[in-house]
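This report refers to the structure that appears directly beneath it.
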Amino acid sequence: MEKAMERIPGFNGLSREESEKILSISILKKVRKKEIIFSDGEVGEGFFAVLRGRVRVYKMSEEGREVILHVCGPGDHFGQVSMFAGKNYPAWAQAMSDSELLLFPRRAFLDLLSREPQIALSMMSGLSSKMRELTLQVESLALKEVPGRLASYLIMLAEEKKSPGSLHLDIPKWQLASVLGTTPETLSRIFSDMTDRGLIDLDRRDVTLLDHTALRELAEHGRFYDDRAKKE
C-alpha cells in the first residue's frame, strides 16, 4: 500500500511515518465496472485515490449529454472539492473497470492535518507541482482547435506512459471525443486525416506515433500546416 502512495501527487513527498498516519485513516473500497462512486450534488464524504483500475469523472448537460472532465488511473485522485471546500460533489464519478480505491474521509483527514501540520506542508509541494501540470494540460486542450487538442493529448499520453513510439488508448473513442470537447464523428475524421498524412498509424485503439515533429507542430499551432496556409 505504501508503494501505491508514492505514486499519488501530494503523497509522494511524505516520509514513511507520515504515509502510515494517512493510511491509518483511509478506507479501501472495491468497486465494480460501471458502479457509481458518487453522484453530482451528493454530500461529499471525502476524496479518493485510485490504486487499481480507472474512473471517469463527468457532468451531465441539461440535454442529457455526458461531458467527461477527467479519466483517473492508478496514482490519480478525485473528489477533492468536497474535502477542502466542504461542499457536495460537483460531478459524477463512475468506475470504468473493476477498481480499488482509497477513500480519505473528510473529517478524519482534516483532523489529522490539524494535529500534524507538517503533513500538510509536505503535501503542498507535490500538489502544487501537479496543479501546474494540470493547468498546462487544460490550456493545451482548451485553447486549440480539435486537431491540435488530439495531437496534444497523444503526446501527453505517450509522455505519461513513457512510451514515445506507441500507446494504447485506455478509453473508447466516444469517451475520448467527450474529453476533447468534440463529436465521435469529428474525432474519427481527424484520426483518419492524421493517418493519411503519415503522422500516426491507428489499429483500433493502438496508436503508433510516426512523425513526432509534425505532431508537435500540430499540437503547438492547433491545425494542420496547409489548413493554416489556406486561412492566411
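Miscellaneous remarks
- Amide H contacts of His70 (H built 1.01 Å from N, under 5 Å, at least 5 apart or other chain): Val57
- Mean separation of Cα pairs under 8 Å and 6 or more residues apart, divided by the residue count, gives region 11-125 a relative contact order of 39 percent.
- Overall, region 34-120 carries a charge dipole of about 140 debye about its Cα centre when +1 sits on the Cβ of Lys and Arg and -1 on the Cβ of Asp and Glu, all other atoms neutral.
- The trypsin sites (Lys or Arg not before Pro) found in region 56-124 that occupy coil by DSSP, while having at most 13 further C-beta atoms within 10 Å, are Arg65, Lys87.
- Which of Phe109, Ile22, Val81, positive extreme of dipole for region 11-131 (C-beta unit charges): Ile22
- Here's the list of aspartates and glutamates a cross-link from Lys161 could span, going by alpha-carbon distance under 17 Å and ignoring same-chain residues fewer than 8 apart: Glu6, Asp76, Glu133, Asp170, Asp206.
- Rounded, prolate or oblate (a/c below 1.5 giving rounded, otherwise prolate when a/b exceeds b/c) for region 147-220 by Cα gyration tensor: rounded
Read-outs throughout are calculated quantities, based only on the coordinates presented, and are distinct from any laboratory measurement. Quantities reported herein were computed from a predicted structural model and do not represent experimental measurements. Cβ atoms come from the backbone with ideal geometry, glycine included; neighbour counts cover every protein chain shown.
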